[in-house]
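The structure under discussion appears below in the form of structure tokens.
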Amino acid sequence: MIQRKQSLWLFIAAMLNGLLFILPIYVWGNPHVAVKSSEYIQLVLMAALATILPLMSIFFFSNRGRQKGLVWLSIVASLGYFGLAVLQKQDLETKNPLIAYQYAIPGILVTIIAVIFMIMALRGIRKDDKLIRSLDRLR
């Protein structure tokens with residue numbers, strides 16, 4: 001298998017996205033009451049998509065074009081999760097103006113770190129693609 005590093009980056013990204021089901025995304029009150037993504041169906045679906053796509057793309061190592069497409073789709077899903085989380089917080093603040101919701105740093109940071117790992121995997125896939133093309137020219 002040529003793409004060892006990419007598989008590792010994608011696996012780490014999938015595991016980080018899996019943490020989205022466990023970690024809180026907002027906190028409020030004193031003591032802090034945690035709001036998790038499992039309470040909102042849209043966030044659960046986006047988190048599931050962001051978790052499954054990197055795992056699926058690991059197994060498409062022989063078809064680099066499809067693998068790049070799946071990685072791009074998983075990046076979009078992770079950023080979509082982030083956007084939905086922001087919209088959900090704004091919706092909660094408009095429904096309950098007396099409660100000050102704050103972002104839970106681990107829940108939001110996990111999404112950003114997962115996107116970074118997926119970008120690293122995408123760069124590695126591109127390098128492998130260039131290597132294969134250069135080897136085809138030499139034949």
Residues that are buried (at least 19 other Cβ atoms within 10 Å of the Cβ) and out of contact with any Lys or Arg (no Cβ under 8 Å at 6 or more places or on another chain), drawn from the stretch 19-33: 20
Any idea which of 79, 70 is in a helix (DSSP H, G or I) and buried (at least 18 other Cβ atoms within 10 Å of the Cβ)? 70
Per the filter on the stretch 91-136, residues over 21 Å from the mean Cα position of the chain (by Cα) and within 19 Å of residue 68 (Cα to Cα) are 127, 128, 129, 130, 131, 132, 133, 134
Taking the stretch 82-109 only, how many residues are surrounded by 15 or more Cβ atoms within 10 Å (Cβ to Cβ) and in contact with a strand residue (DSSP E or B) (Cβ under 9 Å, 6 or more places away or on another chain)? 9
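I need the full set of residues from the stretch 35-47 which are crowded, with 17+ Cβ neighbours inside 10 Å, part of a helix (DSSP H, G or I) and of a type in the set (A, V, I, L, M), in order please.
Within the stretch 35-47, 43, 46, 47 meet the criteria.
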Based on this model, can you work out whether residue 7 counts as out of contact with any strand residue (DSSP E or B) (no Cβ under 8 Å at 6 or more places or on another chain), at pLDDT below 90 and hydroxyl-bearing (Ser, Thr, Tyr)? no
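The values are calculated or read from the model by the stated rules, or taken from the named source; none is laboratory data. Values in this document were obtained by computation on a predicted structure and should not be read as measured data. Heads up, the Cβs are rebuilt from the backbone with ideal geometry, glycines too, and the neighbour counts pull from every protein chain shown.
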